[in-house]
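The values are calculated or read from the model by the stated rules, or taken from the named source; none is laboratory data. Here the structure is a predicted model, which means the values were calculated and not measured. Neighbour counts are summed over all protein chains in view; Cβ atoms, including those assigned to glycine, are modelled from backbone coordinates with ideal geometry. Just the protein is used for accessible areas: all its heavy atoms, side chains included, with ligands, DNA and RNA removed. Shrake-Rupley method; radii C 1.70, N 1.55, O 1.52, S 1.80 Å.
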Amino acid sequence: AVFVKKLSFSIALYDVKIHGKYAYFSTEDGLHITDVTNLANPVEIGFVSVGDRAFASYVKGNFAYVAIGNSGVAIVDISTPKTPILKSTLKIYGRAVSVAGKDNLIYVAAENGGLRIFDISIQTNPIEIAHYNSSGYIENVTVDDKYIYASDAVEGLLIFRVVQP
C-alpha cells in the first residue's frame with residue numbers, strides 16, 4: 001500500500017462509503033459528501049445534519065440511508081450532492097449503528113434491537129419486512145449476493161441467507 005492523502009476532521013469520523021466519484025463520511029455532526037475524483041485533492045461539496053450522530057450509510061440511487069443511533073435511520077436525498085436534503089427519519093426498534101443494502105432491501109444493525117430488514121422499493125418510505133432479535137447487540141452488518149453477515153457483541157458472527165420478498 002502507498003499512502004496518498006490524509007483528511008483530518010475536527011469531529012469524530014465513524015464510517016466512509018464510496019459511491020461513484022463521491023465519498024460519504026458519517027460523522028458526529030452528520031453526513032459529509034466529498035468529491036474524490038482527485039484523491040490527492042478531495043473536495044467537500046455537501047453536508048447535511050441528520051439530527052443525531054451519523055454512524056454509517058448506504059447509498060442507492062439518489063438516496064443515502066444513514067444509521068443515526070437512537071434516532072433510527074435518516075433518509076437523505078443526495079440527487080444534488082452539493083445540497084443534500086434530509087427527507088425523513090425512519091424510527092426503528094433499537095439503536096441503528098450500521099446499515100447495508102442490496103437490491104431493494106436495507107439491513108440495519110440495531111444493537112439490542114437486532115437486525116432490522118426494510119424494503120426500500122419506495123425509497124422515501126421504507127417498510128420493515130423482517131427482523132431478527134439476538135440475545136446480544138448487533139453492531140455491524142454487510143451483505144453479498146447470497147448472505148447477510150451480522151456481528152453480534154455476545155453471539156458472534158450471525159449468517160443469514162438472502163431471500164427476496
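Based on C-alpha pairs under 8 angstrom that are at least 6 apart in sequence, the chain has a relative contact order of 12 percent.
For the range 1-54, chymotrypsin sites (Phe, Trp or Tyr not before Pro) meeting the loop criterion (DSSP other than H, G, I, E, B) and having at most 14 other Cβ atoms within 10 Å: 3, 9. The residue among 114, 149, 88 whose Cα reaches farthest toward the positive pole of the charge dipole of the range 55-165, with charges on the beta-carbon of Lys, Arg, Asp and Glu, is 88. Here the dipole of the range 70-165 is about 260 debye; that uses its Cα centre as origin and unit charges on the Cβ of Lys and Arg (positive) and Asp and Glu (negative).
Longest stretch of the chain clear of exposed loop sites (trypsin sites (Lys or Arg not before Pro), DSSP loop, at most 15 other Cβ atoms within 10 Å, sites excluded): 22-81. Applying the Karplus relation 6.51 cos²θ - 1.76 cosθ + 1.60 with θ = phi - 60° to the range 64-80 yields 3J(HN,Hα) values of 10, 10, 10, 6, 10, x, 5, 7, x, 10, 7, 10, 10, 7, 10, 4, 10 Hz, where x marks Gly and Pro. The H on the amide N of residue 47, modeled in the peptide plane, is under 5 Å from the matching H of 33, each at least 5 residues off or on a different chain.
The portion of the accessible surface of the range 33-165 made up by carbon and sulfur, rounded to a whole percent, is 49 (1.4 Å probe; DNA, RNA and ligands excluded). A P(r) calculated from all alpha carbon pairs of the chain, with 10 Å bins opening at zero, reads 11, 40, 34, 14, 1 percent.
Check cross-link reach from residue 6 to the lysines: straight Cα distance under 24 Å, and skip same-chain residues fewer than eight apart. Within the straight-line limit of under 24 Å, residue 6 reaches these lysines: 17, 21, 82.
Per residue, the chain exposes an accessible area of 51 Å² to a 1.4 Å probe, with every protein chain left in place. For residue 105, the residues whose amide H sits under 5 Å from its own are 120, ignoring neighbours fewer than 5 places away on the same chain, with H placed 1.01 Å from N.
Phi-derived couplings, Karplus 6.51 cos²θ - 1.76 cosθ + 1.60 at θ = phi - 60°, listed residue by residue for the range 113-129: x, x, 9, 10, 10, 10, 8, 10, 3, 9, 4, 8, 9, x, 10, 5, 10 Hz, with x used for Gly and Pro. Around the Cα centre of the chain, unit charges on the Cβ atoms of Lys, Arg, Asp and Glu (plus for the first two, minus for the last two) sum to a dipole of about 300 debye. Electrostatic tally near residue 150: other residues with Cβ closer than 12 Å to its Cβ, Lys and Arg +1, Asp and Glu -1, net -3. Remark: the range 132-145, residue by residue, has Karplus-estimated 3J(HN,Hα) of 10, 9, 8, 8, x, 9, 7, 9, 8, 9, 9, 9, 10, 5 Hz, where x stands for each Gly or Pro and the curve is 6.51 cos²θ - 1.76 cosθ + 1.60 at θ = phi - 60°. Between the range 22-36 and the range 39-55, how far is it from one alpha carbon centroid to the other, in angstrom? Using only Cα atoms to place each centre, the spacing works out to 3 Å.
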